[in-house]
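Shown next, in structure tokens, is the structure this report addresses.
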Amino acid sequence: MQALVFDGPRRIRFDPERADPELRAPTDAIVDVEVAGLCGSALHPYLGREPASGGVVPGHEVVGRIGAVGTEVAERRIGDRVLVPFSTSCGRCARCEVGLTARCDRGALFGFGPPGDPAAALDGGQAHRLRVPWADATLRLVPTWMDDATALLCSDNLPTAWEAVARADPRPGHALVVVGLGAVGLCAVAVARAQAAGPVVAIDPVSDRRERAVALGADLALAPADALEEPLLAGGAPAVVEASGSAAGQRLAFTVTAPGGTCSVIAVQTDERFAFSPAEAYDRNLTVRFGRANVLATLPLVLTALTDGRLHSPAEVCVTHREVALRDGPGAYARFAAREPGLVKIAFRP
Ligand SMILES: NC(=O)c1ccc[n+]([C@@H]2O[C@H](COP(=O)([O-])OP(=O)(O)OC[C@H]3O[C@@H](n4cnc5c(N)ncnc54)[C@H](O)[C@@H]3O)[C@@H](O)[C@H]2O)c1
Ligand SMILES: [Zn+2]
Ligand SMILES: [Zn+2]
């Protein structure tokens, strides 16, 4: 099959003859990939910020059709159209049972493996086919009414944004700030509208992304340098989402959080230290929340909000490149990492 392969920082290779994945456990399924997204999380290993093992197929946002199932897969069937969350979950362990599905005892992230441990790596979806462990618990049917780009966002960025906003504890009538307007931050702007916060203030250095935030309902979109002058943010906002992952973005998120407020850090953390000190957090009575989103636990809330009309799909605005061929993958990663104007999310069509 065709696949992309991560060989190390800034080295993505197109492999036209990668071996097809095979069922390894009776609870596995094989998914024929129709769409595979490129997430900001892939930039951490790509830019060398996070160690990862080479030789792995990247990609953890997938929509496709089940092509094969193991003998113990009971609920999912060959031919089902499914979305694949970015990590697997067994559905039975204590963590899965309390909704911490992204921290399943037996779970793994697609498209990623710790360095030096190829056996622990789980190939991702930027390929023709993908092996999915714990298929019954991990895979979700794509609703028949849903378009491909929205389904792709439901495999990661939309539930992630839903959790990010909920963890920020938005207060009715008060501002909610989103720092960083990649696909996650833009989804957070759309979600903030659905979760009935007050004014939504979106911050990013890239002007094209600020315009997209306004299209998704942000009341105000600011460059980082202008945020501190903004009267609406004088005294700070009680609810802030940090979706940039940069030290400067972290610092800004802290600066604009009001005393007693909550800073919801949804960006993946790759640094030893955070951009504010425990003393500063103490002095502001700050609540800070971190962590990987539990896509499986949160997805039902997103689907309900999409169907009852509270949430308008941000797919038109966020998924800017929808038909990228795998052979163009190496260039696509470089363009995404460079934040090329007009490019937010790439969807590969294997
Ligand atoms: N917690 C989870 O489960 C989860 C899931 C998906 C993604 N993520 C993480 O969320 C983060 C965002 O993902 P993405 O796909 O949107 O990434 P992205 O790289 O496309 O977007 C990051 C954005 O932050 C902006 N930015 C950089 N410096 C800034 C600053 N000083 N102030 C304001 N904005 C700044 C960039 O211009 C960019 O638009 C990444 O760290 C990603 O790994 C976490
Ligand atoms: Zn992701
Ligand atoms: Zn589990």
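Only the coordinates and a few stated rules stand behind these numbers; no lab work does. Note that the coordinates shown come from a computational prediction; the quantities given were computed from them, not determined experimentally. Heads up, the Cβs are rebuilt from the backbone with ideal geometry, glycines too, and the neighbour counts pull from every protein chain shown.
For the range 158-289, dividing the convex hull volume of the Cα atoms by the residue count gives 89 Å³ per residue. Ordering of 180-187, 279-286, 257-264 by packing is 180-187, 257-264, 279-286, highest average first (other Cβ atoms within 10 Å, averaged per residue). Computed over neighbours whose Cβ is under 10 Å from that of A247, the net charge equals +1, Lys and Arg +1, Asp and Glu -1. Put the Cα centre of the range 48-92 next to the Cα centre of the range 247-267 and the gap is 33 Å.
Basic side chains Lys and Arg get +1 at the Cβ, acidic Asp and Glu get -1 at the Cβ, and with that the dipole of the range 158-289 about its Cα centre reaches some 280 debye.
Toward the positive end of the charge dipole of the range 158-289, about the Cα centre and with charges on Cβ (Lys, Arg +1; Asp, Glu -1), which of A192, A215, V177 goes farthest? Value: A192. The base-10 log of I(q)/I(0) for the chain, evaluated at q = 0.15 Å⁻¹, reads -1.27 [Debye formula, identical scatterers on Cα atoms, solvent excluded].
By its C-alpha gyration tensor, with a ≥ b ≥ c as the square roots of the eigenvalues, how is the range 263-338 shaped: rounded for a/c under 1.5, else prolate for a/b larger than b/c, else oblate? Taking the square roots of the gyration eigenvalues as a ≥ b ≥ c, the range 263-338 is oblate.
Placing +1 on the Cβ of every Lys and Arg and -1 on the Cβ of every Asp and Glu, with nothing else charged, gives the chain a dipole about its Cα centre of roughly 160 debye. Over the residues of the chain, the helix contribution to mean residue ellipticity at 222 nm works out to -7000 deg cm²/dmol, using -39500 (n - 2.57) for each DSSP H run of at least 4.
Oblate is the label for the range 41-130. Its Cα gyration tensor axes, ordered a ≥ b ≥ c, give a/c of at least 1.5 and b/c at or above a/b.
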